[in-house]
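A.B. asks: Got a structure for you, written out below as structure tokens; questions coming shortly.
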Amino acid sequence: MIHRLVPLALLSLTTLTLAAEPPAPISLFDGKTLGKWEAVRFGGEGNVWIDEATGDLRLDQGEPLTAVVWKGEVPATSNYEISLEAKKVNGDDFFLALTLPVKDSHCTFVCGGWGGGLVGISSINGMDASENETASVESFENGVWYPVKVRVTDRFITCWIGGREVVSLNYEGAKIDMRPGDIEMCVPLGLATYQTWAAYRNFRWTNLPKNN
């Protein structure tokens, strides 16, 4: 009986180990083609291109906006993470405005807005990133790659820059929505800059277990 129990115990342990493995990330950009990304035609937008030498996605300065929007189906609207690296090449305003789904709505995580330093989420209860409780001021240097991660669950939106948490928002009971204007053209998933040149790489999506 003892000899029979040992293999069963090992099988159970293996099953638990496999069940605990995290979901595999989904690459949203292959560094070769735009794929399901499409440049947004605001009028006055800068060029959207891929640097063949590095495989980076590049957005040139617009007057005022340059952006790309995802034309495929988004994998989820809650319980997921988005991660990427973003670089401010030159300019005086946001080098990353990441628009993403939050249940049945959308919002934008802004890095470097309102003159180059503001970080926050637009919009919460009708207030943009400069007006609500997610606002903070950070320093961003040209030519530096910043790892960015946003996690959306059924209750929280959490954002990190360089591994440091910069937003932790319990949005239960709050109205999450887009800031009115051209940025709404980035729904359901988009990247945008404002009068700024930027580059992006390692753009990934990871679905999370419910109630993560």
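For (1) touching a Cys at 6+ places or on another chain (Cβ under 7 Å); (2) over 26 Å from THR54 (Cβ atoms); (3) free of Cβ contacts under 8 Å to residues at least 12 places away in the same chain, each residue gets a yes or a no:
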site: GLY115; (1), (2), (3): no, yes, no
site: SER122; (1), (2), (3): yes, yes, no
site: SER130; (1), (2), (3): no, yes, no
site: THR134; (1), (2), (3): no, yes, no
site: GLY143; (1), (2), (3): no, no, no
site: TYR146; (1), (2), (3): no, no, no
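A.B. asks: Given the structure, is GLY46 assigned to a loop (DSSP other than H, G, I, E, B) and touching a strand residue (DSSP E or B) at 6+ places or on another chain (Cβ under 7 Å)?
C.D. replies: The answer is yes for GLY46.
A.B. asks: Sticking with this one: For the range 177-212, enumerate the residues that are out of contact with any strand residue (DSSP E or B) (no Cβ under 7 Å at 6 or more places or on another chain), within 21 Å of GLU81 (Cβ to Cβ) and either crowded, with 18+ Cβ neighbours inside 10 Å or of a type in the set (D, E, K, R) (or both).
C.D. replies: Correct list: LYS210 only.
A.B. asks: A further question follows. Look at the range 128-164 and say how many of its residues are under 25 Å from GLY91 (Cβ atoms) and in a strand (DSSP E or B). I'd like the intermediate steps shown before the answer.
C.D. replies: Step one: list which residues in the range 128-164 are under 25 Å from GLY91 (Cβ atoms), which gives 128-132, 134-150, 159-164.
This time we only want the ones that are in a strand (DSSP E or B), so: 136-137, 145-150, 159-161, 164.
Qualifying residue count for the region: 12.
A.B. asks: Just wondering, is there one or more residues in the range 107-116 that are loosely packed, with under 14 Cβ neighbours inside 10 Å, within 23 Å of LEU65 (Cβ to Cβ) and either among the polar types (S, T, N, Q) or at pLDDT below 95 (or both)?
C.D. replies: The answer is yes; a qualifying residue exists.
A.B. asks: I've got another one for you. State all residues of the range 49-97 that are β-branched (Val, Ile, Thr), more than 22 Å from ALA129 (Cα to Cα) and part of a loop (DSSP other than H, G, I, E, B); if no residue qualifies, say none.
C.D. replies: Answer for the range 49-97, where residues must be β-branched (Val, Ile, Thr), more than 22 Å from ALA129 (Cα to Cα) and part of a loop (DSSP other than H, G, I, E, B): THR54, VAL74.
A.B. asks: Let me ask something additional. Looking only at residues that are acidic (Asp, Glu) and touching a residue at least 40 places away in the same chain (Cβ under 8 Å) in the range 64-103, which one is surrounded by the fewest Cβ atoms within 10 Å (Cβ to Cβ)? Before the answer, list the steps.
C.D. replies: Step one: list which residues in the range 64-103 are acidic (Asp, Glu), which gives 73, 81, 85, 92-93.
From the residues that got through so far, the ones that are touching a residue at least 40 places away in the same chain (Cβ under 8 Å) too are 81, 85, 92-93.
On the way: GLU81: 19, GLU85: 16, ASP92: 13, ASP93: 21.
Filtering the range 64-103 for residues that are acidic (Asp, Glu) and touching a residue at least 40 places away in the same chain (Cβ under 8 Å), the one surrounded by the fewest Cβ atoms within 10 Å (Cβ to Cβ) comes out as ASP92.
A.B. asks: Quick one: would you say GLY115 is farther than 26 Å from ARG58 by Cβ, assigned to a loop (DSSP other than H, G, I, E, B) and out of contact with any strand residue (DSSP E or B) (no Cβ under 7 Å at 6 or more places or on another chain)?
C.D. replies: So GLY115 does not fit the description; no.
A.B. asks: Among the residues of the range 38-63, write down those that are touching a residue at least 60 places away in the same chain (Cβ under 8 Å) and either surrounded by 13 or more Cβ atoms within 10 Å (Cβ to Cβ) or under 15 Å from ALA192 (Cβ atoms) (or both).
C.D. replies: VAL40, PHE42, GLY46, GLY55, ASP56, LEU57, ARG58, LEU59, ASP60, GLN61, GLY62, GLU63
A.B. asks: Step by step: first the residues of the range 165-190, then only those that are acidic (Asp, Glu) and outside any loop (DSSP other than H, G, I, E, B), then the one that is nearest to PRO147 (Cα to Cα). Which residue is that? Reasoning before the result, please.
C.D. replies: Residues of the range 165-190 acidic (Asp, Glu): 165, 172, 177, 182, 184.
Filter again for outside any loop (DSSP other than H, G, I, E, B), leaving 165, 182, 184.
Details: GLU165: 12, ASP182: 26, GLU184: 24 Å.
Taking the candidates together, the pick is GLU165.
A.B. asks: Also, I was wondering about something else. Going by the conditions given, is TRP145 more than 14 Å from the chain's Cα centre (by Cα), on the phi > 0 side of the Ramachandran plot and hydrophobic (A, V, I, L, M, F, W, C)?
C.D. replies: no
The values are calculated or read from the model by the stated rules, or taken from the named source; none is laboratory data. Note that the structure is a prediction, hence the values are computed from the model and not measured. Neighbour counts run over all protein chains shown; Cβ positions are idealised from the backbone, glycine included.
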